[in-house]
Every structure is written in C-alpha cells, then in structure tokens.
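Accompanying notes for the structure given below.
Every number here is computed from the coordinates shown, using simple stated rules; none is lab data. Please read all numbers here as calculations on a predicted model, not as lab measurements. We place every Cβ from the backbone using ideal geometry, glycine too, and count neighbours over all the protein chains shown.
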Amino acid sequence: MSTRKQPPKLEEPVIPDDSLLAEVELLQIRSDDRYAKALIRDCTLDEIHATRVSFEKTVLRSVTFAEASLTGLELTDVRFEKCDLSNMDLSGAILHRVEFSRCKMLGVNLSDATIRNVVFEGCLADYAAIRFADLKQVEFRDCSLNHSDFSYSKFKSFELHRNRMDHAQFSATDLSGIDLSDNEFDGLSVDAESLRGCIISREQAYIFANLFGLVVKD
C-alpha cells in the first residue's frame with residue numbers, strides 16, 4: 001500500500017529568549033532601517049511609509065500598524081504575536097522563518113511576496129491579498145481567510161488546516177496536491193484547471209459540483 005509523502009517540516013524562527021533581546025521603543029520607521037535581536041511591544045505606529053526595512057531575530061508583540069506601508073520588507077527569524085497589520089501594504093516582502101500568531105491581518109497586502117517557512121496561526125486575515133506570491137513551506141492553520149485572494153500565486157509544500165475560507169480566490173493557481181479537506185467554506189473562486197489534483201472531502205465535492213453546474217445524483 002502506498003503512503004502519501006509527508007511535506008518537509010517547516011523551519012521555525014531562530015530567536016533568542018526574551019531576556020536576551022534588546023527592548024526597543026519604536027516610534028518611527030524610516031526606509032532602510034534595520035532591527036536585530038529586538039523586542040518591540042505594546043505600541044502603535046501611525047502612517048508609517050517606508051521601503052526596504054528589515055527585521056531579524058526579533059519579536060513584535062501587541063504592535064499596531066495603522067495605515068502602514070512597508071513595501072519590500074525583509075523578515076528573517078521574526079515572530080508577530082497579537083499584532084494588528086490590517087490593511088498594511090507589504091507588497092514585495094521577503095519572509096523567511098516567520099510566525100504570525102493570533103494577529104489581525106484584515107486586508108493585508110502580501111502581493112508579489114516571497115514567503116518561505118512561514119506559519120500563520122489563529123489569524124484574522126479576511127480579504128488578504130496574496131496575489132502573484134511565491135510560497136514554499138507555508139502553513140495557514142485555524143485562520144479566517146474569507147474573501148482572501150491567492151490568485152496567480154505559486155505553492156510548494158503549502159498547507160491549509162482548519163481555516164474558514166468562504167469565497168477565497170485561487171484563480172490561475174495550481175492546487176494540485178493541496179489538501180482542502182479539513183477547511184470550511186461554502187464556496188471558492190477557482191477555475192477547473194487550477195483545481196485539478198486538489199484533495200477535498202466528500203462534502204466539499206458537492207460544493208464544487210454546484211460551482212461548476214454539475215448535478216449530483218444520489
């Protein structure tokens with residue numbers, strides 16, 4: 001009997017203990033700023049507009065980015081905990097070994113991003129735009145992804161577990177080998193070619209039959 005090949009294990013962020021991080025009071029971010037081995041928490045950053053900013057071996061905890069734009073952001077070994085990144089423009093970002101835990105990410109823009117070894121856990125990410133992105137060894141689990149848009153993105157070792165994703169868009173996105181079976185949705189925006197080889201549950205088969213105008217006869 002053949003068994004399904006297990007995906008490679010995601011690499012976790014390599015971050016020192018909080019006691020070894022320098023606590024930084026962040027009031028402003030400017031283009032080309034670099035932050036390393038920092039603990040940033042309990043602050044609000046209003047109307048930040050910068051490019052090519054980088055964070056490395058850093059924890060951001062309960063940080064709110066209001067009307068922020070950090071295009072071309074580089075994150076390596078970074079953890080976001082209970083942060084608010086809603087409507088933040090992170091287009092063209094490069095993320096490697098990053099965790100987003102219980103973050104609010106409504107309408108976040110990660111289009112054209114390169115995303116490697118990243119976990120989104122318990123995040124509210126409805127209307128997130130992750131179009132034309134390159135995702136490898138990425139997992140979304142226990143998130144809300146309603147109306148999120150992954151169109152034209154590339155997936156490799158990409159996992160979705162226990163998410164709510166009503167009307168998420170996967171147009172022109174190869175879903176071959178992607179397991180949707182333990183996610184919840186009443187409908188997706190996806191073309192038949194993108195869906196080829198995707199793994200779904202029996203209940204979801206009825207949803208897709210309805211999507212493509214098929215009639216299932218009991």
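Tabulated results
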quantity: Hits in segment 95-121 (condition: assigned to a loop (DSSP other than H, G, I, E, B) and farther than 14 Å from Leu85 by Cα); calculated: Ser111, Asp112, Ala113
quantity: Residue count for segment 79-94, restricted to those that are part of a strand (DSSP E or B) and over 18 Å from Phe132 (Cα atoms); calculated: 4
quantity: Hits in segment 41-70 - residues which are β-branched (Val, Ile, Thr), within 24 Å of Cys143 (Cα to Cα) and crowded, with 19+ Cβ neighbours inside 10 Å; calculated: Thr58, Val59, Val63
quantity: So Ser171, is it touching a Lys or Arg at 6+ places or on another chain (Cβ under 8 Å), in a loop (DSSP other than H, G, I, E, B) and surrounded by fewer than 17 Cβ atoms within 10 Å (Cβ to Cβ); calculated: no
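Rundown of residues vs (1) farther than 21 Å from Asp89 by Cα; (2) of a type in the set (Asp, Glu); (3) in contact with a Pro (Cβ under 7 Å, 6 or more places away or on another chain), yes/no style:
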residue: Ala125; (1), (2), (3): no, no, no
residue: Ala128; (1), (2), (3): no, no, no
residue: Asp134; (1), (2), (3): no, yes, no
residue: Arg141; (1), (2), (3): yes, no, no
residue: Arg164; (1), (2), (3): yes, no, no
residue: Ser176; (1), (2), (3): yes, no, no
residue: Gly197; (1), (2), (3): yes, no, no
residue: Ile207; (1), (2), (3): yes, no, no
